[in-house]
Amino acid sequence: MSNLDRDRILAVLAEDGKRLLSDPAFPRHPAAAFEMQGEMIRPSHPSPVGLSIGGSVSGFVLNDRADFGGGRAAPPVDFQAGSAWLKLVWTGEAEVEAAGDLLGRLPAWLRPEVADGAATRSAALGLEDGRRHPPATELGNAAVGQLESLRWAVLPDAIRALRPGDWVAVRKSGRLGGRISVRWGDLLTVGLGRLADLVAGGETLNVEVRATLSAGFSVRLNDEYRLAFARSSEGRADAAPAVLVSARKSFRRKRTERIGAGVRFRFAAGDPLGGVLRPVVEAVFEAPWGVVDEILAAAGLADLTPLQRRYLRKIIQRLGIDPVLLDRAEAGFDAIRARMEEVRAEIERRLARVALDAARLAFTFDYSMVHRGETLFGAELDLDALDGREGAEVTGFDRLHGQLMEGDLTGVLSLPRAAGGVRVTEFLGRRGWDRTKTWGLGLGVGKRFSAGGKSKVGLSEEIEEDHLTGRTRFSFRGMRSYAGNWGGDELEWRTTLGVRSSTRQGAPDGPEGWIHYLHFMVRRTETHVSLADAGRVVDLAVAWGVIPRRLARAWPRRMTGRLAGERDVDISLHLRLSNRPFGALIRKLGGVSDAAVAEALAEAMPWRDDLAARRDPRARRNLYAGFWLAVLGGESTDPVGLARSFSKELKDRGQTDLARFERKSRPFWPGSAGELAALNPRCRRQWQDLRAGARAMAGAGGGPKEAAASVKPAFRLMRGAWEQIHHVRAMGVLVRELLAGDPEVWGRTTRTLRIAHGAGDERVVETITASPDQD
């Protein structure tokens, strides 16, 4: 190294160059103690194809046991007190990217608003040299000394020259990616003229509609190979310490697809209210439009007809006006009329704001598939034995080093056993995949209101093979979830099922050695918690066995008192089964009757503060079990018609209020039996599949590969019953009914209520867990 290079290194280090390597103030690994960045080379003129090349040299000081804590970036040697290490890393990277506009390559009738794509290819090489130094060595002297005698893992002689506690490593990586995105806009932009059904008296209502469609596709391929050689700190008295080899070879293939569609519309010129105002006024006042006009135009109470007086009393009750005003003659009537005019004016103002706002409706679908793999290899090398087996020009270590550099780990495994001089300590292979499908719908009006939700299904599988012992392990995870928001409040539910081989030493390979878990979660985020909100939470907590039934009456007020004034409160309920409780549930679930499922669906009917029968879980079970048994039995394919006949049955049983509520059943009527049945048109089939999946899960056997092949279809059968929040609530009720009879099994089931409130550092998380003896 020239004096100029030495001076440059010392200039980069500045004052740090005089610090001892043992100085605890050095940044912890992997923070760089110093870095010299090479120049990036890029084309100087605009081009659809870009090239960039760059590199850097970084230095890291390691002088603490925590720096050797394992992991991919940790050095492959053990920490020893009284020593310090300097690791130098050379990195170089080259990237080629091609991007372009695809508009000109499509016919005019299909030409989108935006169409572009890009392809990227990059490669990187990293070389690492780590050496042990006396702790009193200055950083500058250590760095210059290492740079004067460069060692490269790509050279066999550099590995032979390693001293105890030193290492060299090489990392090679490559990435290939491509993407295409297309968007069509202005698919439909029209002005709708005279709408007789919406607009009164010759008024004109113009509506501007803008529809868009977008699609995207991307693929990314990543490969990485890291190979390290380290000289052991210990050795036999008659031989040099062994060279330790560690290698990690990995790949990742990811493909994503996205489709989106949106519609944006707003009221434009003309009067946007017209006929829209009339039905809204009639709904608010619960009186015909003409009667409202006549009451407002009357000179006094004496001028009202008996029919108008009856409607006036209903309006007073509806608007919360003090009925005493009716006894105050004309002054009272004037006050009533003023309140009616104020409400009507407010309706007009609100409608006008909504009409002038843009409304948005959007749909998205996302698909992601990831294939991944990893191979881990470790060995101890006796270089003297390896070098003595071949001629002078090509030794056994030279051949072995060449195979390792090429990443031929399978070939390496067979070579040492035949040649000697190598003891393989680790050879693991992992392969897996992750697949995710997400679809969502969103609605927004201006900046004041938004609503939407996303459903998601995720599957993940991994198989690990130990090539030394022949043992195979597997893991599978399936997830079904939904997350939505309505005007600021959020609701989420998720069901996760997992099976994996035990990592416990001596655990059997068959089903008796598997670890199972099933996790149900329901979460709500409220801007503020009302008594009704607390009632719904406590009702589900009781149904899932988190809170004892005897405390159900007092808990809502206790919760609202505790959370008074708090905003953005996050409340979640968790029901988790593993191993023994899971096995007990699966065995019973496969043979559960329609009647038991119907009772669970009945008890899980949504809690309502305005209906006494819906606040009592026993009453819900008694009143709704017949309805759900009919749905599960397939007696009718019309859930709305079934709900109407059910309403008549409720009326005959003296449940007048509940019958009136259910009589109005139709899709999107909140919480009615008809709505819930309509949202789950495949309810009967879903619960049949759930039981079939449970039977398949209970009968899964064989080795890990056979288990992985049988668990996945079982989950696909079962997940249909977890598509809707009502079914998830019912599943928790069914778990309680099937397991609570065995106190030991039920006591091992984890049931938790978590409440998070506050902001920033003052955020508080409270956890209430059911005790085994509370039931």
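Post the alpha-carbon centroid distance, the stretch 627-658 to the stretch 460-497, in whole angstrom.
Their Cα centres are 38 Å away from one another.
Asp616 to Ser645: FRET efficiency via 1/(1 + (r/R0)^6), r the Cβ-Cβ distance, R0 22 Å, to the nearest 0.05?
Once the sixth-power term is evaluated, E becomes 0.40.
What FRET efficiency, computed as 1/(1 + (r/R0)^6) with R0 = 60 Å and r the Cβ-Cβ distance, is obtained for Asp594 and Leu307, rounded to the nearest 0.05?
0.70
Each label point is 7 Å from the Cα along the Cα-to-Cβ direction; what then is the distance between the points at Ser149 and Phe363, in nm?
Those two pseudo-labels are separated by 7.1 nm.
At q = 0.11, 0.13 Å⁻¹, what log₁₀ I(q)/I(0) does a Debye calculation on the Cα points of the stretch 516-658 give, no solvent, two decimals?
-0.54, -0.74
Hey, with R₀ at 56 Å, roughly what FRET efficiency would Ser460 and Asp322 work out to, going by the Cβ-Cβ distance, to 0.05?
Working from the Cβ atoms, E equals 0.35.
Report, in listed order, any pair from Lys249/Lys456; Lys456/Lys712; Lys314/Lys648; Lys87/Lys172; Lys314/Lys651; Lys454/Lys664 with a Cα-Cα distance greater than 20 Å.
Lys249/Lys456; Lys314/Lys648; Lys314/Lys651; Lys454/Lys664
Return an integer: the convex hull volume of the alpha-carbon atoms of the stretch 523-594, in Å³ per residue.
Per-residue hull volume (Cα only) is 122 Å³.
Projected area of the stretch 472-769, taken from the Cα convex hull and averaged over every viewing direction, in nm²?
16.9 nm²
Highest first, please rank the peptides 428-441, 569-582 by the mean number of other Cβ atoms sitting within 10 Å of their residues.
Output ranking for 428-441, 569-582: 569-582, 428-441.
Pop out the ³J(HN,Hα) list for the stretch 709-724 in order, Karplus 6.51 cos²θ - 1.76 cosθ + 1.60 with θ = phi - 60°, rounded to Hz; leave Gly and Pro as x.
For the stretch 709-724, the Karplus curve yields 6, 9, 6, 4, x, 5, 5, 4, 5, 7, 5, x, 6, 10, 6, 10 Hz.
Apply the Karplus parameterisation 6.51 cos²θ - 1.76 cosθ + 1.60, with θ equal to phi minus 60°, to every residue of the stretch 251-260 and state each ³J(HN,Hα) to the nearest whole Hz, in sequence, with x for glycine and proline.
So the Karplus estimates, Gly and Pro as x, are 9, 8, 10, 10, 10, 10, 9, 9, 10, x Hz.
Here, each number is a calculation from the coordinates, and none is a lab measurement. Everything numeric in this text was worked out from a predicted model, so none of it was measured. Every residue, glycine among them, receives a Cβ derived from its backbone with ideal geometry; neighbour counts consider all protein chains shown.
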